[in-house]
Amino acid sequence: SEQSAVAIIHLVMERFSQQKSRLILQLDDKLPLVLVSASLIQQAIFNVIDNALRYSPIDKTVTISIKTLDTNSKHPQVVIDVRDQGIGISTAQSETIFQLFYSVDSFKRNDSGTGLGLAVSKGIIAAHHGSIQSVPVEQGCLIRICLPACAEPSINDKGKAS
Ligand code: ATP
Ligand code: MG
């Protein structure tokens, strides 16, 4: 159903209990709704924020920002950026991290998980005709989720909403 991305983010943030104080939320003034399964999208975003918190130092914040892209086009998007100040992801690994069971240097680390999180997120976002990608940044990691925005109901020349 039609959901507010902001409401979804708030519910996801609630799930991080003690780590919640590391999360900073930045919102655009006016955001369109998205047509999604709220529980699935919550899971998709949870996985990304979980990584950002896990793969960056405990004293560093994670910034979640939500904005609209291509507002005036036929296909406006709601963009959810999750940015951390951790070790980051190399360009070479920016695609592979979304594969099942992939974890960077997993044999060297005792803090990494099963390598499922981002593959699950990608599947959920794809099912909603959206996209998820690692955007190259100078420091840390930026994961960008784009979801098609709900179009404002338009009035056609017969005077009916279409
Ligand atoms: P799971 O999420 O299933 O518990 P996981 O975190 O290892 O396990 P993914 O969430 O799919 O699996 O992430 C895959 C790999 O991508 C991680 O193991 C890590 O190496 C790398 N990665 C993901 N997010 C980040 C990040 N924010 N910073 C640095 N590396 C990351
Ligand atoms: Mg993970």
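Computed from the coordinates by the stated procedures, all read-outs in this text should not be read as laboratory data. Quick caveat: nothing in here was measured; it's all calculated off a predicted structure. Note that we place each Cβ from the backbone using ideal geometry, even for glycine, and neighbour counts take in every protein chain shown.
For the chain, the longest principal axis of the C-alpha atoms and the axis of helix 117-127 are separated by about 20°.
From the largest down, the stretch 1-151 spans 47, 30, 29 angstrom on the principal axes of its Cα atoms. Placing pseudo-labels 7 Å out from each Cα toward the beta carbon at SER21 and HIS129 gives an inter-label distance of 4.4 nm. With the simple spin-label model, which puts each label point 7 Å out from Cα in the Cβ direction, the GLU14 to LYS60 separation comes to 3.0 nm.
Using a 10 Å cut-off around each Cβ, can you sort ASP29, ASP50, ASP84 from fewest to most neighbouring Cβ atoms?
Values: ASP29 6, ASP50 18, ASP84 26.
Exposure proxy ranking, most exposed first: ASP29, ASP50, ASP84.
Once you have the Kirkwood Rh of the stretch 1-42 from its Cα pairs, apply Stokes-Einstein at 4 °C and 1.567 mPa s and quote D in µm²/s. After rounding, the answer is 115 µm²/s.
Of GLU138, GLU95, how do they rank once you tally other Cβ atoms within 10 Å and put the fewest first?
Least to most surrounded, the residues fall as GLU138, GLU95.
Dipole of the stretch 1-131 computed with +1 at Lys/Arg Cβ and -1 at Asp/Glu Cβ about the Cα centre; of THR91, VAL34, THR114, farthest Cα towards the positive end is THR114.
Lys-Lys pairs in the stretch 16-108 that are eight or more residues apart or on separate chains and whose Cα atoms lie under 23 Å of each other come to 5.
When CYS150, CYS141 are sorted by how many other C-beta atoms sit within 10 angstrom of their C-beta, beginning with the fewest, the order is CYS150, CYS141.
If R₀ is 30 angstrom, what is the calculated FRET efficiency for the pair SER39 and THR96, using the beta carbon separation as r and rounding to 0.05? Walk me through the intermediate numbers first.
Values: r = 27 Å, r/R0 = 0.92.
The formula returns an efficiency of 0.65 here.
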